[in-house]
Structure formats: structure tokens, C-alpha cells
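Q: Next up is a structure, given as C-alpha cells.
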Amino acid sequence: MPTPSLDDVHAALGRVEDPEIHRPLPDLGMIKSVHADSDGRVTVAVWLTVTACPLRDTIESRVRTEVSEVDDVTSVVVELDVMNDDQRKELRTKLRGHDDREIPFTKPGSLTRIFAIASGKGGVGKSSVTVNVAVAMAASGLTVGLVDADIYGHSIPRMIGATGAPTMVEGMIMPPQAHGVRVISMLPFKPGGVNQPVAFRGPMLHRALNQFLADVWWGDLDILLLDLPPGTGDVAISLAQLLPHAELIVVTTPQQAAAEVAIRAGMLATQTSQKVAGVIENMSAFGCPHCGEPIELFGSGGGRVVVDTLTKELGTDIPLLGRIPFDPRLREGGDSGSPLVLSDPGAPAAIALAEIAGTLSSRTRGLAGLQLGITPAARV
């Protein structure tokens, strides 16, 4: 029986991506050795980044699957080893470069669109909207990151089902993923777990947000979403300093009192020089299950009030991105970690959320700030 071709085996390994980094294992220096026997047995040794790699089974399975497809291979043995400190440092440099304390989204070559989801007050469903929009974007094929910037009241991990701890590689944080979205939150950094309060003053909030942006390996994101805490406090101001090109999206309910408070969140843009990308009205009218007539559980018109007021005050057209009908399954999906856009994509609320995600996703990544490597020609 012919011995399997090592070139073919290496080509197969080039199709195996690390599930966290989404790059081929050979490109990351994770293939330790490859050996093929005359009886068709192939042994592949793989370097893991850390001993307790949470995705070691996934890596092993992917290697075995791809190599098994190579001609003349009868069996595949995968041996796992762990990188040493020097190898991990080399990997970090390969992923982040030498000056890896910078926020990648502020570099001139970054094309990532950044949306900060804000609200004037709590209880308007801002986090539910953020999670479902993020998941809908990822489902459409985009690479999406989500920062739970509500340091005190973080809720994103449960709502999206990403409660696992991140992997640490030489101080670089590999964020957990759920439904195709990379997620970072304060939750995994609290020894006391979900019930432990966060007692941070303003400067510590700024530092935490900076670490979420600079120390996390996000990869090449199409979209970065930040779930802001309610109001116009320290985190909202820090965001404007750290990510000056971030666009604000204001979430309100139809209730007039909620709309008045939401306007203040949008008006912060006058002080931070940010752009308001639009307004979302959550918990809008829904059809009566018996007669079909619309039920305005929380009143009506709040979203339009916010749009009209911000358009007038900011001097630019602010769009109403969508109205999301009230649906208790949004809350249920948040409790179970199963977003409505996936569990019941045909629900009116899910359709509205998917349309909002599509509207934001259709804005192509711009060239603003990108260094094009050209210089003006001298006049003769």
C-alpha cells in the first residue's frame, strides 16, 4: 500500500482553522510534526496555546476529519502538546504586532464599523436589541465582536450564551464566542462570579473599557458593537475618547417619558463629536393574538419623537432604524441564551431586528482614515 503524500497531508492541514483565531493551524505555528507510515497511518502533532485549551477537542476533530480525506490515509492519530513561553510570545507578535497595546480599531488601516448602543434609561431592552442585532449580523456572514461595556450591570454573556472564560495567551485575551459573535464582558474577570458587584470609580471604568479594546484579540472584524450602560456617564465619555469614530444608536420605547430621556443620550454627541447612526424603538405595538388589532402596551410615537428632536438639534437627518414589536420571547431568549432571531426568525420582532441588522450591515466599511500609500505628484 502506498505511503500517504506528506505534501497532501500538509495541504489538508492548511484547511484546518483554529476555532478561536480563524486562521490555518500551519500559519499560526501550531503544527509540531507530521509523520506518515507505509500502512497509511498518519500522525499529526499539534501545539496548543495553553494546557487547558477549551477547544482542544474541536481542533483534534478538525485535524482528523481533514487528514482522513487524503488519498491512501487509513487512520489518523492526533497528538497534542503545549506551546512554551517563547512560542506563545511569537504567536502574540504574529497576531498583534510588536506595539500590541494599541486599540486596533483606531489604527489608520482599520475598516471596522463601530456602533455603540445607548439608552437614556434602563429597562428599554437595549441589551436584548444589541444581542439579537449582533447574532443576525453574524448569521449573514459578517465577523462581529460585542463588548459588554456596561461594567456594573453586565448581562450580555447570559443573553447570548457566552458564559465561558476567555483563553489567555501571554496576556492576550482570546474572547469566548457564541452564535458566531466574539464576546467580552466583566463577568469572567470576577472571582465571585455573577453575583459579585463591581465597585469601580470612573478611572477604573475607563481602564476596563480600554483593556477590553486593546488586550482582546478581536481579529479582523466587520462590525464591533458596544452595549453601553444607560445614561451619559463615565463609560459613554470614555468611549468617545477611546473610539472617536464610533457611531451612536439610541434605543427607546414608545413611551414619551422614555423618549425624553433617550434624547439626552443622543444629545451627548454634541459634546463628543460623534455621529448618531439612528434610533430604534423597542417594545412597539404588537398584534392582538385574538383579533389582530395593534396593542400599544407602552404607548406610541416615542421613536419618532427622538428622531425628530435629534434631527432638529443635531442639524442632520437621523433615521428611525426600526420599530420592534413587543414580544416576551425576547426576554425568554435572553434568559436561556437563545436569541429570538435564531430561535424563531419568523416572529415579527425577529424580522424587525434582522432588518435593522441588515440596514447597519449594508453600510460598507469605509476608507476614512486609511493610509493609501500615495503622495501628491510634484508640479513641473
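Q: In the stretch 163-209, what residues are within 17 Å of S238 (Cα to Cα), surrounded by 13 or more Cβ atoms within 10 Å (Cβ to Cβ) and among the small types (G, A, S)?
A: Hits for the stretch 163-209 are S185, A208.
Q: Filter the stretch 343-362 down to residues that are in contact with a Gly (Cβ under 9 Å, 6 or more places away or on another chain) and within 24 Å of G123 (Cβ to Cβ), then give me how many there are.
A: Number satisfying all stated conditions: 8.
Table: residues versus (1) over 18 Å from L146 (Cβ atoms); (2) at pLDDT below 85; (3) of a type in the set (S, T, Y); (4) out of contact with any His (no Cβ under 6 Å at 6 or more places or on another chain).
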residue: G180; (1), (2), (3), (4): no, no, no, yes
residue: S185; (1), (2), (3), (4): no, no, yes, no
residue: G193; (1), (2), (3), (4): yes, yes, no, yes
residue: H206; (1), (2), (3), (4): yes, no, no, yes
residue: F212; (1), (2), (3), (4): no, no, no, yes
residue: D220; (1), (2), (3), (4): no, no, no, yes
residue: G231; (1), (2), (3), (4): yes, no, no, yes
residue: D234; (1), (2), (3), (4): yes, no, no, yes
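Q: Any residue in the stretch 168-186 that's over 17 Å from C53 (Cα atoms): show its pairings with residues that are at pLDDT below 95 and assigned to a strand (DSSP E or B) at Cβ separation under 6 Å, as long as the two are six or more apart or on different chains.
A: Short answer, once both residue conditions are applied: I184/V216.
Q: Further question on the same structure: Among the numbered criteria (1) loosely packed, with under 14 Cβ neighbours inside 10 Å; (2) in contact with a Pro (Cβ under 6 Å, 6 or more places away or on another chain); (3) not β-branched (V, I, T), which one does K312 miss?
A: Of (1) loosely packed, with under 14 Cβ neighbours inside 10 Å; (2) in contact with a Pro (Cβ under 6 Å, 6 or more places away or on another chain); (3) not β-branched (V, I, T), only one is false for K312: (2).
Q: Ok, one more. Mind listing just one residue for me: the one in the stretch 269-294 that is in contact with a strand residue (DSSP E or B) (Cβ under 9 Å, 6 or more places away or on another chain) and without any contact (Cβ under 8 Å) to a residue 12 or more places away in the chain and, of those, surrounded by the most Cβ atoms within 10 Å (Cβ to Cβ)?
A: Step by step, filter the stretch 269-294, then rank; the result is P294.
Q: List the number of the failed condition for R41; all other conditions in (1) in contact with a Pro (Cβ under 9 Å, 6 or more places away or on another chain); (2) within 21 Å of G180 (Cβ to Cβ); (3) among the basic types (K, R) hold.
A: The one condition R41 does not meet is (2).
Q: Of everything in the stretch 1-33 that's among the aliphatic types (A, V, I, L, M) and surrounded by fewer than 17 Cβ atoms within 10 Å (Cβ to Cβ), which residue is nearest to P176 (Cα to Cα)?
A: Result: A11.
Q: Considering only the stretch 322-347, how many residues are of a type in the set (A, V, I, L, M, F, W, C) and touching a strand residue (DSSP E or B) at 6+ places or on another chain (Cβ under 7 Å)?
A: First, the residues of the stretch 322-347 that are of a type in the set (A, V, I, L, M, F, W, C): 324, 326, 330, 340-342, 347.
Okay, now just the ones that are also touching a strand residue (DSSP E or B) at 6+ places or on another chain (Cβ under 7 Å), so 324, 326.
Qualifying residue count for the region: 2.
The values are calculated or read from the model by the stated rules, or taken from the named source; none is laboratory data. Since this is a predicted model, take the numbers as computed values, not measurements. Please note: Cβ atoms are built from the backbone with ideal geometry, for glycine as well, and neighbour counts cover all protein chains shown.
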